[in-house]
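The structure under discussion appears below in the form of C-alpha cells.
Please treat every number below as a calculation from the coordinates, not as lab data. Predicted model only: the values in this text are computed from it and were never measured. Cβ sites come from the backbone with ideal geometry, for glycine too, and all protein chains shown count toward neighbours.
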Amino acid sequence: MFTPTAASIPPLGTSLRLKTPPNLPVNVHPLNPLDFLLRAAQIYPEKVALVHSDVEYPVSYSFSVWAQRVQNLAYALIQAGIKPGDRVAVIAPNSPVIADAHQGVIATRAILTPINTRLKPSEVEYILQHSGARLIIVDHEYTHLIQGTRIPFVVSNDSGRDGDPYETFLNNGRQFSSERGWAGLEADADENTPCLLCYTSGTTGRTPQPKGVLTTLRGSYLAAIANAFEGKFDVPLVTIRTVNYNHIWNHLLHSGVTHYCGAPTVQIGIVNDPQAQKPPRPVTAIIAGAAPTPHLIAGLETIGITPVHVYGLTYVISYAT
C-alpha cells in the first residue's frame with residue numbers, strides 16, 4: 001500500500017488560505033484557480049484527489065496531501081530563485097507532477113509553461129528560449145528533449161517515493177513551508193495577471209515555430225468552472241502516462257470512471273478498440289481540440305458514452321482544478 005512521503009503529510013490545524021494582498025477593498029476577492037484546491041482540502045481533506053495507478057510505482061493522494069505537496073513545490077521554487085512573473089516550464093506526460101505544477105507555480109505568482117512531450121528537441125529549445133523559462137521540471141522519460149540546456153532543471157522519476165529527485169525538491173520546500181504555511185504565499189491582487197503560457201505544436205499558420213498564448217488567473221478560473229459544470233464531475237482524477245487502450249478500458253469497465261478527457265484521435269481509438277462495450281455506468285467524454293465528426297459522436301453514443309465538446313488546448317491545460 002502506498003504511503004506518501006513524510007514531507008507530504010500536512011501538519012494538524014494548518015490554515016488553507018493564501019495571504020490576502022494589501023490594500024484590497026474588503027468586498028473584492030480576485031479570482032484565483034488555486035482557491036479550488038484549497039477549498040477542497042479544507043472541506044474534504046481525506047477525499048481522494050489524484051490516482052496514478054498504471055505505473056511501476058502507483059500513488060494516490062488525498063486533497064489535504066496534494067495541497068501540502070503543492071505548498072512544498074511553491075516554496076521549493078521560491079528557494080530556487082523563482083519570482084512573480086518568472087516562467088517555469090514542465091515537460092511530462094499525464095502524471096501527478098503536471099497537476100502539482102498547475103497549482104504550485106501559480107502559488108508563487110510565476111507563469112507555468114507546459115510543453116508538449118511530442119515536440120522535437122529543437123522545438124522544445126525554441127519554446128524554452130522564447131518563453132524565457134527560468135527552471136524546468138521534466139519527467140525522466142523526456143530528459144532527451146532538454147539535452148545541452150543551460151536552464152536549471154528538476155527530474156521527476158514519477159515514483160512519489162523518497163530518493164526521487166522531484167520528491168527531494170519538494171522535501172527541501174517543506175523546510176520552509178512548515179515555518180510559513182499558506183500565509184507565507186501572497187495571492188495576486190490582479191486577477192488579470194498571466195499564470196499560464198501555452199504553445200501550439202507549430203502546425204498552425206504559415207510560421208513553423210510554435211506560437212504562445214497567455215492565460216490569466218481569471219481566465220483559468222472561469223474555464224475550470226465552465227468545464228467542470230459542463231462535465232458535472234467532482235470525483236478523483238485518474239492520470240495515465242500514455243494512451244493505452246487496455247488501461248483506458250480497464251478503468252471504464254472496472255474502476256468506476258464516469259468522465260474522461262481526450263482529443264478526437266483518442267476517442268476514435270476507444271470506439272474501435274476490441275474491448276469497446278457499454279460501461280456499467282453512464283460515462284461522459286470531454287472532447288477538445290478538433291471537432292469530433294458525426295460518425296465519431298454516433299460511435300461513442302452507441303457504446304453508452306455521452307460526448308461533450310469543449311474548447312481547450314488539449315495537451316497543455318487541465319480541464320478542472
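Data overview
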quantity: Range of Cα positions in region 16-231 per principal axis (Å), largest first; calculated: 48, 39, 37
quantity: Label zone at A189, where the point sits 7 Å out along the Cα-to-Cβ direction: region 18-56 residues whose backbone N lies under 18 Å; calculated: 18-32
quantity: Rounded, prolate or oblate (a/c below 1.5 giving rounded, otherwise prolate when a/b exceeds b/c) for region 215-269 by Cα gyration tensor; calculated: prolate
quantity: Amide H partners (placed H, <5 Å) of V238, local residues excluded; calculated: V51
quantity: Length gained when the stretch S122-T265 is fully extended (0.36 nm per residue, less Cα-Cα span); calculated: 49.0 nm
quantity: Spin-label model distance (nm) - Y57 vs A290, 7 Å beyond Cα toward Cβ; calculated: 3.8 nm
quantity: Paired Rg and Dmax values of region 243-309, which use every Cα atom, in angstrom; calculated: 10.6, 29
quantity: Spatially proximal lysines relative to K278 (Cα-Cα < 23 Å; intrachain offsets below 8 disregarded); calculated: K232
quantity: Contour excess over end-to-end distance, with Cα ends at H140 and V243 and 0.36 nm allotted per residue; calculated: 35.3 nm
quantity: Estimated inter-spin distance, Y44 and S255, nm [label 7 Å along Cα→Cβ]; calculated: 1.7 nm
quantity: Using a Förster distance of 41 Å, the FRET efficiency for M1-A298 (Cβ separation, nearest 0.05); calculated: 0.45
quantity: Members of K47/K120; K47/K211; K83/K120; K19/K47 lying beyond 31 Å, as alpha-carbon distances in this model show; calculated: K47/K120; K47/K211
quantity: Table column - 3J(HN,Hα) (Hz), region 141-146, Karplus curve with 6.51, -1.76, 1.60, x for Gly and Pro; calculated: 7, 10, 5, 5, 6, 10
